[in-house]
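Take a look at the structure below.
The values are calculated or read from the model by the stated rules, or taken from the named source; none is laboratory data. Just so you know, these numbers come straight off a predicted model, no measurement behind them. Every residue, glycine as well, gets a Cβ built from its backbone with ideal geometry; the counts of neighbours run over all protein chains shown. Quick note on the areas: whole protein, heavy atoms, side chains included, nothing else; ligands and nucleic acids left out. Shrake-Rupley method; radii C 1.70, N 1.55, O 1.52, S 1.80 Å.
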Amino acid sequence: MHLPSLDLNLIVVLHALLEERNVTRAGERLGMSQPGTSAALGRLRRHFNDPLLQREGGQYVLTPLAQGLYDQLGRMLDDLQRLLDAQPRFDAAAAERRFVVQCSDAVLSVLGPRLVAAVARAAPGVSLDFRGIDQAVVNDPLTTLRDIDVLIAPRGLFSVPEALSAELYSDRWICVTWRGNHSVADRLTREDAARARWVMPFRQPLMASPADAGLAALGIDRHCAVRVENFAVLGRLVVGTDLLVLCHERLIRRHPDHQLRDLDLPSALPPFTETAWWHPVRQLDPGHRWFIDLLIEQGRALQGEPDGSSGRAEP
C-alpha cells in the first residue's frame, strides 16, 4: 500500500470545507485562521487538480469530484477515529458511552428490559439509544450497520455476508383471536385462514412479517382488515372482533391476555432466530465487544426462560 505525500491533517480540513462550503466558517470550526484555511484549500486543489469549491452566484458549490469525496469522507473519518480510539481494555464501571441498538418493537419489549437492567448494573455511565427498524435497514443493512452499534433482526430478513453476527434467542409465530370469536374453531383449515380477516404488521413489502411467506407457501393469501406499523399492539387489536393475528410468542406471553384464544394453523410455521449484527469496523473496539457479550448473555438467559406456551387459554 502506498500513501500519497499529502499531510493527512488536510483531510480533516477538506471535510470541513466541503461540509461548510465556506472558507471562513470551516476555519472557525477547526480553530484555524482564514488565511491558513485558504492556504490549505490551495494545497488540496493542487493535489486533486480540481477547484473543489467553485462560486455560483453568491455561494460556493461542490464540484462533481468534491461531491464524490464528501460522500466518502464522513464515514472514512469515523472509521479512522474508531481506529485511533482503540484501547486494550474497556472499564465498564467507569465508562461514559452511548450504544445505539436498532431493533423491532417486539425485540425491545422482549429483550429490552433485560438488557437495560444489565447495563444499568454493570455500567451506570453507559446510555442506550434504541431505534426502530425501517425500510432503509432492509434495503441497505451494511450502510445502517456503519452508523449504529448493533442491529437485531431475524436471521433471513436480509443478506449481508460482510457483517458479523451472533444468535440471541429463538421465537415462533402463534395465531390468536378474541376468545369471544366463535366464527372459527381452535384448529384452522386453509379455507378458514383464507376467509378470515387479519390484523397485519407493516405496509412495505420488504418489511412484511416472515410469517407471510410461510403462509403463502401453504397457499394462504391473508385478507388484511387492519394494518399497523409495529408488532407490540397486534394481539390487543383483535379483542372484541372476529379478526385473527399472527404474533411473536414471547411477546404475546409476556403479558398474558385471558381475552385471547390460541388457534392452530393448518401447518406450523418455522421458528425464527433473533440475531445481533454488527459491522466489522467495530472489531478493534473492546467496549463494543463488551456490549455484544452482554447482549449475547441476556439473549441466552431469555432463551432459558419458559415462554408460557404450555397450552391455549380455556374458552
Over what distance in Å are the Cα centres of segment 16-80 and segment 105-144 separated? 36
Give a residue-ordered list of calculated ³J(HN,Hα) values for segment 98-114 (Karplus: 6.51 cos²θ - 1.76 cosθ + 1.60, θ = phi - 60°; whole Hz; x for Gly, Pro). 10, 10, 9, 10, 10, 7, 6, 5, 5, 5, 4, 5, 8, 9, x, x, 5
Where nothing but the Cβ of Lys and Arg (+1) and of Asp and Glu (-1) is charged, how large is the charge dipole of segment 187-298 around its Cα centre, in debye to the nearest 20? 220
Relative contact order [Cα under 8 Å, 6+ residues apart], segment 11-140, whole percent: 19
Which whole-number percent gives the relative contact order of the chain, counting Cα pairs below 8 Å spaced six or more residues apart? 21
Sort 111-119, 270-278 for me by packing, meaning the mean count of neighbouring Cβ atoms within 10 Å per residue, highest on top. 270-278, 111-119
Pull up the DSSP beta bridges for the chain and report the antiparallel fraction as a percent, rounded to 5. 60
Per residue accessible area in Å² of the chain, where ligands, DNA and RNA are left out and the probe is 1.4 Å: 52
Towards the positive end of the charge dipole of segment 43-187, with charges on Cβ (+1 Lys, Arg; -1 Asp, Glu), say which of Val107, Val184, Ala95 has the farthest Cα. Ala95
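At 1.4 Å probe size, with the rest of the protein present, what percent of the exposed accessible area of segment 94-168 is carbon and sulfur atoms? The partial results should precede the final answer.
Numbers: 1640 of 3270 Å².
About 50 percent, which is the carbon plus sulfur part of the accessible surface.
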Given backbone amide H placed at 1.01 Å from N, residues whose amide H is under 5 Å from that of Asp264, ignoring those fewer than 5 places away on the same chain, are Arg187, Leu188
Which one, Thr144, Ala211, Ala196, projects farthest toward the positive side of the charge dipole computed for the chain from Cβ point charges (K/R +1, D/E -1)? Thr144
Using the Cβ atoms and a cut-off under 10 Å, what net charge is assigned to the surroundings of Asn22, where Lys and Arg are +1 and Asp and Glu are -1? 0
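Calculate, for Ala94 and Leu65, the FRET efficiency according to 1/(1 + (r/R0)^6) with r their C-beta to C-beta distance and R0 41 Å; round to the nearest 0.05.
Details: r = 45 Å, r/R0 = 1.09.
Once the sixth-power term is evaluated, E becomes 0.35.
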